Amino acid sequence: MQESLILILGGIGGAVFTFLLQKAGCSAVVASCIVGLIGALIGHFTLSSHLPLIVFCGSFVGMTSLTLGSIPLMILGGALCGLVYKISLNVFAGYGGRLGTIAFISTVISVYLFSALKQVVKYKSKS
């Protein structure tokens, strides 16, 4: 349970921090690199093998376009990123592209949920 919470919080932290760095003027790639480096340092000092990976994966979620993204979207995307990572720990072990695929799945689900929520709110406000 504690490991799952750490993975979810790591994904949220990576996504939100990368998104905030983009809003501050960094490019998406540089922001992701900074967050990945910080995640690696935190993982090194805490002796965690999964924390640097999930923070870096969360940084991929945070690379969302500034016109499309928002902080609540990054929080949801980062949390989903941590959950999907936890679920898929033994599924694609040893294959390349796993973190990017997890970030893509998390971002698509988050954007879809936010879009559906906007439609529901818009429909209820018309009634």
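The values are calculated or read from the model by the stated rules, or taken from the named source; none is laboratory data. These figures come from a predicted structure and were not determined experimentally. FYI the Cβ positions are ideal-geometry reconstructions off the backbone, even for glycines, and counts take in every protein chain you see.
Looking at the stretch 30-64, which of its residues are surrounded by fewer than 17 Cβ atoms within 10 Å (Cβ to Cβ) and closer than 14 Å to Ala103 by Cβ?
Result: no residue meets the conditions.
Output the residue which, of all residues in the stretch 1-19 that are without any contact (Cβ under 8 Å) to a residue 12 or more places away in the chain and among the hydrophobic types (A, V, I, L, M, F, W, C), is farthest from Leu73 (Cα to Cα).
Top of the filtered list is Met1.
How many residues, within the stretch 40-49, are among the hydrophobic types (A, V, I, L, M, F, W, C) and either touching a residue at least 12 places away in the same chain (Cβ under 8 Å) or within 17 Å of Leu89 (Cβ to Cβ) (or both)?
Residues in the stretch 40-49 being among the hydrophobic types (A, V, I, L, M, F, W, C) and either touching a residue at least 12 places away in the same chain (Cβ under 8 Å) or within 17 Å of Leu89 (Cβ to Cβ) (or both): 2 in total.
Working only within the stretch 52-84, note down all residues that are assigned to a loop (DSSP other than H, G, I, E, B), of a type outside the set (A, V, I, L, M) and more than 11 Å from the chain's Cα centre (by Cα).
Within the stretch 52-84, Ser65, Thr67, Gly69, Ser70 qualify.
This table checks each residue for (1) modelled with pLDDT of 95 or more; (2) surrounded by fewer than 17 Cβ atoms within 10 Å (Cβ to Cβ); (3) touching a strand residue (DSSP E or B) at 6+ places or on another chain (Cβ under 8 Å); (4) not aliphatic (A, V, I, L, M).
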| residue | (1), (2), (3), (4) |
| --- | --- |
| Gln22 | yes, no, no, yes |
| Leu89 | no, yes, no, no |
| Gly100 | no, yes, no, yes |
| Val111 | no, yes, no, no |
| Val120 | no, yes, no, no |
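With the requirement that a residue be touching a helix residue (DSSP H, G or I) at 6+ places or on another chain (Cβ under 6 Å) and in contact (Cβ under 8 Å) with a residue 60 or more places away in the chain, what does the stretch 50-83 give you?
If the condition is that a residue be touching a helix residue (DSSP H, G or I) at 6+ places or on another chain (Cβ under 6 Å) and in contact (Cβ under 8 Å) with a residue 60 or more places away in the chain, then Met74, Ile75, Gly77, Gly78, Ala79, Leu80, Cys81, Gly82 are the ones that fit.
Assess whether Leu37 counts as being touching a residue at least 40 places away in the same chain (Cβ under 8 Å) and farther than 27 Å from Met1 by Cβ.
No, not satisfied.
So the check is Cβ under 7 Å with 6+ separation or different chains; which pairs have a first residue in the stretch 105-127 that's within 11 Å of Leu73 (Cβ to Cβ) and a second one that's of a type in the set (Ser, Thr, Tyr)?
Thr107/Thr64
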